[in-house]
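Contents: one structure, followed by commentary.
What follows draws every value from the coordinates through simple rules; no lab data is involved. Since the structure is predicted, the reported quantities are computational estimates derived from the model, not experimental observations. We place every Cβ from the backbone using ideal geometry, glycine too, and count neighbours over all the protein chains shown.
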Amino acid sequence: MVNDLYNNFLATRIVHGQEAITYRLLSRELKVHTALAKRYLFAFHASSLSLYPHKVHATYIISGQKCPATTISGDVLMSDISSPPSTQLDTDVALEDEIVQTTFELVPEEELEEAKSTFRKIDCIHVYSLEPIRLPKDFITLAECGRRVRDIDLDQDPEAISKTYGVISEPSAKRQQLGQVAYVQPKSAVKNVQPKSKPPHPKPEIKQELSLSTKRRPLSKPSSKSSPFPVGATQNPDRPTTNEDETSSDNIKKEKLESTPPKETTLPVMKSGTTQSAVMKKSKSTIPVSRSSSQVSQELQTMFSSSEDENDGDEEEEEEEEQEKSVTVGTETPKDVIGAIHESFISDDIDLSIDITNVKSEDIEMETAPPLEEPGEQVADISPKKGAHRRGRRKVTKAIHTKDANGFLTTKYEEVWESYSESDEETINLSKPASTRSSTPIKMSSSPAPTKEKDVAGKKENGRKKKQAGGGQSSLMSFWNK
Amino acid sequence: MNIMAPVASTSTLDSGYLLSDPKEDETFPMFERRASSRKLISKYNDEFVLKNTEKTYEQQYASLYFLRLTVLKPRVSKVAAEAWNGMSILNQEVKAVDRVLDVRQGEFCWIVGTVYIEMTLKPNILDEITKEFWTTAPISKDKFADPENDAIMLEDESGRVNLVGSTIKSELLVTGCVVAVLGSETTSGDFDVVDIRFPQLAPQLPRKMSTGHERKYVAVVSGLEVSGDVHESYETSMLFEYLMGELGGSDDSKHASEIIHVIVAGNSFSNRRSPLSRDEESPDNSQKRKKKYGYDSSSYNSKPTEALDSLLADLSASVSVDIMPGDQDPTNYSYPQQPINAALVPRSRRFLGSSFRSVSNPCWWDIEGLRILGTGGQPIDDIFKYIEGDDRLQMMETCLRWQHCAPTAPDTLWSYPFRDCDPFILNETPHLFFAGNQPEFKTKIVVGEDGQRVRLVAVPKFSETGKVVLVDVDSLAAEVVTFALNGTGRD
């Protein structure tokens, strides 16, 4: 019986285990609504008077409005109201400016009656916690219960927490997987969504990528096919998503999920680890992909989505319809990507009710390649994680020499994506200081003043020289040891 | 005002309804927050958030003052012209004088410029250096105002003029505000002030009042000062439980569910050092401790960050939260403070983009049509140091009337040397203006000449008072919820 369950639990923990139990901890442990947990505490306390006399102590919470005389001394407004309006309050304004003051007071059972008398109006009293002996004055023992509650809540879905425990739910709250935090885009990057072609990438760890994506998203439309990946898998927070850290130059934002149907709650939010991705764009024409890859693309497409401000709701439905058929492309300019790297973790100009996603485009020609391979290739990241170094793709300006119709050799500067990693960069810097010198002015074109370019370029070279002098040592420690 | 009248209970449940035995199959009400728009006003906030690639400190601060004067001069001239045009004193018609130095003796005229107050007690870096050679310890003061000896001047692009007169002494002025003064030049070359005008409240956007009966609140709390210590004040936990709707009865939960947004306004991280690190600081140990990357990492106390992070992550699952830095928080010290890097709060960071956001200090919001300007309290604290008087609300109101939220920047409030614009100028009056980390809770409504209505709130430090302020988005009514532990001696 349920009664026995909580009775046993409380008896074990409080009487035998000599621990304090708050209503929150009880609700998490027994997976019940907090109000029910409050009742359980009360009932156990009542029964403990006979069963375990003097072994269970209760702490109560009183919520209500306190009498003015006993208001906390720092409350200036109350004293102003009780006295004639002072100069600081306009008389007219003061009359209409009633400040409702509610107090929540935590009292041990011994002080309960006395505390009740200090309240002018009591909204609610309930048992906050039960413990073997009276708690110390600052109630610090309860902090441990709070920590345990938070640890339990950490891995749970916000919606599940609301439903089970009665926590107020916030429709827009979405907890992302570890290592897949949405990369919040500066607004400049948002505006640029033009198709951009990209060269094909070397084969990544496709399987890992795909399995990750499937695990993150329970398929809304369970495929009739047998799938190598678990359908409707729940989130796996401890999954090592090391290669999906935000080291690559990627900007992907969370899709707007406020208006989406509840099943979308476990929809994975954008992670920034991937460099290329299939993107859903409602206005773009979709390229038919063979059915065999549709499942894969489903996973991938659900990971990413782009949205316009108002039509997100429609878009979600559209997306679902299109999922089985198509892969679409979305874009952003590379410059914004670099800007986004610099602006990591800072969210600005974000309307919480609006999502803006930003994804890389993929080469349309690649659609014709073997379906299963292709989306994975584009999506997954290139190199395995090399320690804590940044790696991934970076935009490099390359000079491409071509012969045009008249036989003239022309040089075009094109920005292409290249994979790199920090450690590689250091070695490159060490080995070819001269050759990269020419490319730095172009790279630094985003800096404000021309003089700055030279300064930065100069500093870069100094750094390189230092490194060279240090015998090619690429550790940061050498800097401080000097 | 009849607060002693018995308040009608709106609760349908008895206050002790939770003090009863659990019933089988009882369902409890589930509350959900309304989906609402909680935006940042990017046209103002973008100027506060400085891009690392574009920040440069090579310029002087003079450009900031010049920009301020350029923008505010026409505004205050307009107010002054409306007030003084056509007026005549001693049969002389007053006229506007463009440049401060063009004032002629005996002529009644009005001039516009930036106030500069020469303060004898103002901390001066040169004095501090000379004091280092003497053994007397500097006396720390709360206030640096010295009304008898301070000289008030008006300055514009051309020059400065000393302002004298009883009118000027009684007015609340700080260095950096732009005003218009009416008067005439005395024989000694000072400007005797007869009247003074501010730009007054900037235009306010009309509010679209929602027609629904549901109430919506914005909760503002500041000075949490989470330390993660064993002796952490328990009120913080109670606050978060309340915001999540777990504390109290169903009426309390219902009220908490009407909170659509929570703003944590500054000083969320505690500055106190843990006792552990103090033990380790014996002189023998300090030399042996290895210094890597130029500092000793073992002296870093990660407890405040971890504790705050776990609280915020819990809260973000239930309500949308914005965290704004204060003067003690781990971000830059100068104003405007950049948003706290979300990497410091990894668990809450998982809600980034949905219900968690890190914003700058100061910051502008637009929450369901309510325009909010919030600061961590530094401008007000700085103004407090340089004037007489304690009325924080009056300082806040005067900031609105000066159309500038941080007039003492960059003089005494450290600031970034802006080149293109002065982002602290108020181009519009917000509906709610709050300053965090104030010593006590105070609030009032200010009414402007054109019908603007602003709710001013001085949000007290939670670590000292246990108060969180709720403001009704539609009616601008303010409420305070206090969390107390019985027997802590705070009463």
* Please list the non-local residues whose amide H lies under 5 Å from the amide H of residue B:196, H modeled 1.01 Å from N, same-chain partners needing a gap of 5 or more. => B:182
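Restricting to chain B, compute how many DSSP beta bridges are antiparallel as a %, nearest 5. Write out the running numbers ahead of the final one.
On the way: 50 of 80 bridges.
Bridges in chain B that DSSP calls antiparallel: roughly 60 percent.
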* How big is the stretch B:370-438 on each of its three principal axes, counting only the C-alpha atoms and giving the largest first in Å? -> 34, 31, 20
* **Helical contribution to [θ] at 222 nm, DSSP H n ≥ 4, -39,500 (n - 2.57), averaged over chain B, rounded to 500** => -6500 deg cm²/dmol
* To do: Enumerate the helices in chain B for which the Kyte-Doolittle hydropathy averages -0.5 or more and the C-alpha atoms extend at least 27 Å along the helix's axis, using complete DSSP H runs.
  => B:62-84
* Structure fact -> Log entry: pair-distance distribution for the stretch B:359-491, C-alpha pairs binned every 5 Å from zero, whole % per bin is 2, 9, 20, 22, 20, 13, 8, 4, 2, 1, 0
* **Normalised convex hull volume, chain B, alpha-carbon set, Å³ per residue** => 216
* Rh by Kirkwood over Cα pairs, then Stokes-Einstein D for the stretch B:324-434 at 0.692 mPa s and 37 °C, µm²/s -> 217
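Can you pull out the trypsin sites (Lys or Arg not before Pro) in the stretch B:102-188 whose DSSP state is coil and whose Cβ has at most 16 other Cβ atoms within 10 Å? If you can, show how the numbers build up before the last one.
Values: sites: B:104, B:131, B:141, B:143, B:160, B:169; in loops: B:104, B:141, B:143.
Listed in order of number, the matching sites are B:104, B:141, B:143.
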* **Net charge of Cβ neighbours under 12 Å - reference residue A:161; Lys, Arg +1; Asp, Glu -1** => -1
* HN-Hα J in Hz across the stretch B:420-436 - Karplus 6.51, -1.76, 1.60, θ = phi - 60°, x for Gly and Pro -> 9, 7, 9, x, 8, 5, 8, 8, 9, 8, x, 7, 9, 10, 10, 10, x
* To do: Among the trypsin sites (Lys or Arg not before Pro) in the stretch A:2-57, which ones are in a DSSP loop with at most 12 other Cβ atoms within 10 Å of the Cβ? Mind listing them?
  => A:31
* Mind listing which chymotrypsin sites (Phe, Trp or Tyr not before Pro) in the stretch B:312-377 are in a DSSP loop and have 16 or fewer other Cβ atoms within 10 Å? -> B:333
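Go through B:216/B:385; B:43/B:216; A:66/B:169; B:39/B:122; A:174/B:467 and tell me which ones have a Cα-Cα distance over 31 Å in this structure.
Details: B:216/B:385 36 Å; B:43/B:216 25 Å; A:66/B:169 42 Å; B:39/B:122 39 Å; A:174/B:467 28 Å.
Violating the 31 Å limit, Cα to Cα: B:216/B:385; A:66/B:169; B:39/B:122.
Which of the peptides B:295-303, B:229-237, A:111-119 is most tightly packed, and how do the rest follow, going by the mean number of other Cβ atoms within 10 Å of each residue?
Details: B:295-303: 12.6, B:229-237: 20.1, A:111-119: 15.1.
Final packing ranking: B:229-237, A:111-119, B:295-303.
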* Asked: Can you run phi through the Karplus equation (6.51, -1.76, 1.60; θ = phi - 60°) for the stretch B:40-57 and list ³J(HN,Hα) in whole Hz, with x for Gly and Pro?
  -> 9, 7, 5, 5, 8, 5, 4, 7, 7, 8, 8, 6, 4, 6, 9, 6, 9, 10
* Summed side-chain charge close to residue B:203 - residues other than residue B:203 whose Cβ falls under 14 Å, Lys, Arg +1, Asp, Glu -1 -> +3
* Name the long-range amide H neighbours of residue B:371: under 5 Å, sequence gap of 5 or more, or other chain; modelled H, no Pro or chain starts. => B:431, B:432
